[in-house]
Amino acid sequence: MNHCKRKKDPMNNRKIIFINPPYERVAPGYGFVRHITNQASSLGLLHLAAEVREHGFVPSIIESDIFNLSVDEIVQRVTTEQPAYVGITLFTVGVWNAALIAKKIKQQSPDTTIIVGGPHISSMGEETISRFKEFDYAVNGEGEKPLVELLKALEDGSNLLQVPSLIFRKNSFVHETPSKAINRILDELPMPAWDLLPNFPQAYKPAIYDFPRGPVATIAASRGCPFHCKFCDTSTFGDKVRHYSPTKVFAMMQHLHDTYGIRHIMFVDDLFLASKVRVTQLCNLLLESGLKMTWSCTARVDTVKPGVLELMKKAGCWEISFGLETGSNKLLKKMDKIAEVEKSEQAVNWTAEAGIRTKGLFMLGFPGEDMETIAQTKSFVQRIPMTIMNLSKFTPYPGSPIYRELYGTNIREDHWEKMNGMNFIWSPDGLSVNELDKQYQEILMAFYRRPKIGLYYLILTIMYPNHFIRLLRFSLGYLAAKTRSILAGRKGLLIKSTEPSLD
Ligand code: B12
Ligand code: SF4
C-alpha cells in the first residue's frame, strides 16, 4: 500500500471503531472471579473518541472485556459496520489478541485501516509495527492530536511524515516521526465521550468493596509522573506533569453526576496529590457546591499531610491507593521508589486518622526479594491500618526501566499475553515460582485473615449490600466450577490448560 497516495472519501465513510481487545484477565477455569474484579472502561478510548468526533469523524467503542466478547464476535461487529478505520488500544497483555482481531478484519475487509496506540506502543511501537503486519499505523504516547492529524492526512493524501508521533511501515522500512505530541493544556481537551459507552454506567464496575455506592466513573485529573520507579511503565505520559484545572475536574464530576447519576469517582492519574494547591481548590469547590459524591485517588506516601487529608475527607474522599510495594527498605531502594517503610506507615496512619480508607498496592518478586523481605512485608501488612490490599506478581512490563535491565534488548514477546500482574514470568535468585506462589497466598492471608478485617468487611457488606450480591455471584460461580470439575473427574482442580474460559 502506498500510504501517501491513498485517499479516503470523507463524504462516504468517516466511521472509526475503537476497540479495547480481550485479554487474559483471570486464569483459565477461574471465570467466576470476573464477578469481583475491576471492570473499568478504557478512558483512553473515551478521550480519543471525543477528540475525533470534534473533527467530524464518527466514533463508536467496543469494550470486549466488559461484555465478554470473543475475537470473532468483535470481528463480526466491525465487518458489519464497515468502518474506514479501526483504533485498537494496546496493553502488552492484549497485543496477540489485538493482532488476531486485526488480521481477521483485514481478511474480510482489506481496506479497513488499522491504527494502534496505548501503553504497549509507547514503549515498543517500533518492534510491534515491525512484527505485526496487520497493524497499519501506530501512535506513540498521547493519542488525541496525532490521531486526528493521521486521519486527516489519510483522507487528503498528505505526507504522513508530517504527522507527529507516528510509526508506520513504508517500502519495508519502519518510519517513526518525531516528538510525542503531549497535551500541555488538558483543559483544551473535550470531555471524554461517556455517551458512547455501551450500557454506561451500569456495566462498568470497579473491584468489589473498592467503592461505597455506584454507579462509578473514572477521571484522569492529571497526566505524567516525574518519578522513575523501576517497575513502572510511564512511557505514555512521560515525566512532565500536567493538570486539568480544578474547575474543569469539578465540571466533569458534576456532568457525570447530573447526566448519568454517578455517585463515586475514581481518579486514575498517577499523582493526584502532586499539587496540593489544586487538590485544595477542588475540595473547596466540592464543599461549596454541596455536590454529594464520594471519590478515591492514588497518591505517593510523601505527598500526604494531615491538614489536606482532613479537607479531602470532608470533600468526599473515600479511599486513597498508596503504592506501598513492600515492607522492606532494601527493596524500596532497589526499586528506586524514593520512599521508606517508616514514611509509608506514617502516611497510612494519618490517612486512617482522617477517616479515609487506605488501599495498599503491593508487589511480590521484584529482583532482590528473598524470605527476609517477604517476612518484613507480612509483618508490615499486619501492623498498618490498611483496609484493602492488592498484591501483584512482579512483572517486568516493557517501558519500565527494569525490563531492559532484566532482558537487555532481548524482547520477550512470548511473555506478553501473561503480563497481567497475575503470573510470575520471572523469579528472583533463590526463589522458585512455586515458592513465590505459596508466599503470595501467605502474604494475602496474613492481612485478610485477621478478625478485625473480617469484621470490617461484614460491616461494609451491611452498609453497602450491592457488594454482597457480587460476592454471592462469585461464591455460586466458585461452587459451580468446583462441582463441574468433580463431575468431570478433575478432583476439584479448577485450573484448565485449554483456552481461557471467561464463563
Ligand atoms: C486505570 C488503569 C487500568 C484500569 C482501566 C484499563 C483501561 N482499559 O483503560 C484497569 C483497572 C481495568 C486496568 C487494568 C490493567 N492494567 Co492498567 N492502568 C490504569 C492506569 C492507572 C490509568 C489508565 C488511564 O485511564 N489513563 C488515562 C488515559 C487517557 O490514557 P490511556 O488509556 O493510556 O490512553 C492514551 C494513550 O495511551 C493513547 N492511546 C491509547 N489507546 C490508543 C489507541 C489508539 C488507536 C491511539 C491512536 C492512541 C491510543 O491515547 C490515549 C489518550 O491520550 C494506567 C497508568 C497510567 N498512568 O496510564 C495503568 C496501566 C495502563 N495499566 C497497566 C497494566 C499492566 C494493567 C493490566 C495488564 C494489569 C494490571 N496491573 O491490572 C490490566 C490490563 C487492562 C486492559 N488490557 O484493559 C500498565 C500497562 C503497562 C503495559 N505496557 O501494558 C499501566 C501503564 C500501569 C503502569 N504504570 O505500569 N488498568
Ligand atoms: S509507581 Fe507511581 S510514582 Fe513511581 S513512577 Fe509509577 S506512577 Fe510514578
Problem set entry | Ranking of Thr461, Thr247, Thr387 by count of other Cβ atoms within 10 Å, fewest first | Thr247, Thr461, Thr387
Exercise. Looking at the square roots a ≥ b ≥ c of the eigenvalues of the Cα gyration tensor of segment 29-107, which shape do they give, rounded for a/c under 1.5, prolate if a/b is larger than b/c, or oblate?
Worked result: oblate
Problem set entry | Volume per residue that the Cα convex hull of the chain spans, once the total is divided by residue count, Å³ | 150 Å³
Exercise. Relative to the present Cα-Cα distance, how much length would full extension add between Asp437 and Ser475 at 0.36 nm per residue of separation?
Worked result: 11.4 nm
Exercise. If each residue's Cβ is checked for other Cβ atoms within 10 Å, how do Thr177, Thr128, Thr37 rank with the fewest at the top?
Worked result: Thr37, Thr177, Thr128
Exercise. Can you put Ser475, Ser60, Ser122 in order, fewest other beta carbons within 10 Å first?
Worked result: Ser475, Ser60, Ser122
Exercise. Based on DSSP, what percent of beta bridges with both residues in the chain are antiparallel, to the nearest 5?
Worked result: 20 percent
Exercise. Which peptide among 449-460, 388-399 comes first, and what is the full order, when sorted by highest mean count of other Cβ atoms within 10 Å?
Worked result: 388-399, 449-460
Seminar exercise, completed: If the chain between Glu353 and Glu73 were fully extended at 0.36 nm per residue, the gain over the current Cα-Cα distance would be 95.9 nm
For this session: Provide the net charge surrounding Ile114, with neighbours chosen by a C-beta distance below 13 Å and charges set as Lys +1, Arg +1, Asp -1, Glu -1.
Result: +2
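Rule-based calculations on the coordinates, nothing more; no lab input. Since the model is a prediction, treat every value here as computed from it, not as a measurement. Using ideal geometry, Cβ is built from the backbone for each residue, glycine included, and neighbour counts are taken over all protein chains shown.
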